[in-house]
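**Student:** First, the structure itself, so that you have it in front of you.
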Amino acid sequence: MKANESIDETYLNIYELLYERYGPQYWWPADTPFEVVIGAILVHHTNWANVERSLEKLAPYLSDPETLARLPEETLAKLIRSSGFYRVKAKRIRAFLRWFQQYDYEFQRVKKVHQENIREELLQIYGIGQETADVILLYVFHIPVFIADRYARTIFQRIGIHVPRTYDGLRKQVENHFPKDANLLNEFHALLVTHGKTYCKKTPICDYCPLRTMCSRLV
DNA sequence: ATCCTGATTA
DNA sequence: TAATCCGGAT
């Protein structure tokens with residue numbers, strides 16, 4: 001139990017150090033819940049800058065899922081070309097739209113029908129995996145989940161925390177040792193991504209890292 | 001374990 | 001020129 005207590009403090013400490021350095025992140029970067037979903041699919045293994053270009057081309061459709069659903073797959077694919085994997089991603093967006101249509105393209109109805117098992121429902125959609133499902137849960141439905149993405153895994157591992165191998169393993173560990181608060185989890189994920197992009201990247205830049213004091217790499 | 005893919009970076 | 005980018009399906 002002693003190990004759990006120390007993990008408990010560690011995740012909160014990380015959050016506080018990151019927040020002190022980077023400040024509020026105002027996530028997810030989107031104007032509407034529907035745009036959150038599109039962005040989350042487009043960003044698969046892709047730089048966000050490439051996603052923004054696609055979102056600009058999709059701008060006329062982002063306020064109207066029904067019209068986007070009527071676009072032929074290859075037309076959609078061309079619009080999102082800059083995001084890479086554009087053929088698969090076009091299929092994934094259309095798969096989501098087919099599912100979304102059942103609820104008249106309204107997230108409110110999704111929540112009413114499913115209440116507790118939105119995650120399972122989302123995971124059945126082609127192209128929506130665990131991370132994307134959690135992004136939707138947190139940033140669309142404001143349900144408190146931890147997004148156990150690559151950045152989080154890398155950052156925690158480098159610090160010296162014993163990180164579970166699976167996605168759900170890490171997700172649950174953090175959820176068990178961090179406040180179950182959608183606003184805090186929103187900010188935590190955003191801060192981890194920002195930190196992963198600026199300091200804790202593939203080859204980390206450890207000078208002036210906000211987590212220096214607790215990182216096992218540095219001592 | 002491999003494939004999907006364009007744009008930027010090292 | 002190769003590696004990398006807020007993954008997921010096969």
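The values are calculated or read from the model by the stated rules, or taken from the named source; none is laboratory data. These numbers were taken from a predicted model, which means no experiment stands behind them. In this analysis, Cβ positions are derived from the backbone assuming ideal geometry, glycine residues included, and neighbour counts consider all displayed protein chains.
**Student:** Among the residues of the range A:124-162 satisfying the criterion of being surrounded by 19 or more Cβ atoms within 10 Å (Cβ to Cβ) and of a type in the set (Ser, Thr, Tyr), which is farthest from A:Leu18 (Cα to Cα)?
**Tutor:** A:Thr132
Quick grid of which residues meet (1) away from DNA strand B (no atom under 16 Å from the Cβ); (2) in a helix (DSSP H, G or I); (3) in contact with a helix residue (DSSP H, G or I) (Cβ under 9 Å, 6 or more places away or on another chain):
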{"position": "A:Glu9", "(1), (2), (3)": "yes, yes, no"}
{"position": "A:Ile14", "(1), (2), (3)": "yes, yes, yes"}
{"position": "A:Ala90", "(1), (2), (3)": "no, yes, yes"}
{"position": "A:Ala95", "(1), (2), (3)": "no, yes, no"}
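**Student:** Now a separate question. Would you pick out the residues in the range A:16-52 that are within 16 Å of DNA strand B (Cβ to nearest atom), of a type in the set (S, T, N, Q) and in a loop (DSSP other than H, G, I, E, B)?
**Tutor:** Step one: of the range A:16-52, the residues within 16 Å of DNA strand B (Cβ to nearest atom) are A:39-52.
If we keep only those that are of a type in the set (S, T, N, Q) as well, we get A:46-47, A:50.
A:Thr46, A:Asn47, listed by residue number.
**Student:** Using the structure shown, decide if A:His189 is within 16 Å of DNA strand C (Cβ to nearest atom), surrounded by 13 or more Cβ atoms within 10 Å (Cβ to Cβ), in contact (Cβ under 8 Å) with a residue 60 or more places away in the chain and farther than 18 Å from A:Asp134 by Cα. Full working, then the answer.
**Tutor:** Numbers: within 16 Å of DNA strand C (Cβ to nearest atom): yes; surrounded by 13 or more Cβ atoms within 10 Å (Cβ to Cβ): yes; in contact (Cβ under 8 Å) with a residue 60 or more places away in the chain: yes; farther than 18 Å from A:Asp134 by Cα: no.
So A:His189 does not fit the description; no.
**Student:** Read through the list (1) free of Cβ contacts under 8 Å to residues at least 12 places away in the same chain; (2) within 16 Å of DNA strand B (Cβ to nearest atom); (3) of a type outside the set (Gly, Ala, Ser), then give the number of the only condition that A:Arg70 fails.
**Tutor:** Exception for A:Arg70: condition (2).
**Student:** Further, regarding this structure: Report those helices (runs of 4 or more DSSP H) wholly inside the range A:99-163 carrying at least 1 residues which are touching a residue at least 12 places away in the same chain (Cβ under 8 Å) and hydroxyl-bearing (Ser, Thr, Tyr).
**Tutor:** Values: elements: A:107-114, A:118-123, A:130-139, A:150-159.
Fully inside the range A:99-163 and qualifying: A:130-139, A:150-159.
**Student:** Further question on the same structure: Filter the range A:191-216 for residues that are of a type in the set (S, T, N, Q) and part of a helix (DSSP H, G or I) and give the result.
**Tutor:** Here is the first cut: in the range A:191-216, the residues of a type in the set (S, T, N, Q) are A:194, A:198, A:203, A:213, A:216.
A:Thr194, A:Thr198, A:Thr213, listed by residue number.
**Student:** Looking at (1) within 11 Å of A:Leu42 (Cβ to Cβ); (2) within 11 Å of DNA strand B (Cβ to nearest atom), can you tell me which one A:Leu79 breaks?
**Tutor:** It is condition (2) that A:Leu79 fails.
**Student:** Restricting to the range A:110-160, and then to whatever is away from DNA strand C (no atom under 14 Å from the Cβ) and of a type in the set (Phe, Trp, Tyr), can you tell me which residue is farthest from A:Ala95 (Cα to Cα)?
**Tutor:** Among those residues, the one meeting the criterion is A:Phe156.
**Student:** Another question, then. Give A:Thr46, A:Thr10 a once-over and let me know the one that is surrounded by fewer than 19 Cβ atoms within 10 Å (Cβ to Cβ) and within 16 Å of the chain's Cα centre (by Cα).
**Tutor:** Values: A:Thr10 fails: within 16 Å of the chain's Cα centre (by Cα).
So the residue among A:Thr46, A:Thr10 that is surrounded by fewer than 19 Cβ atoms within 10 Å (Cβ to Cβ) and within 16 Å of the chain's Cα centre (by Cα) is A:Thr46.
**Student:** Separate question: Out of all the residues in the range A:52-69, is one or more among the β-branched types (Val, Ile, Thr) and either modelled with pLDDT under 95 or away from DNA strand C (no atom under 13 Å from the Cβ) (or both)?
**Tutor:** Looking through the range A:52-69, at least one residue is among the β-branched types (Val, Ile, Thr) and either modelled with pLDDT under 95 or away from DNA strand C (no atom under 13 Å from the Cβ) (or both).
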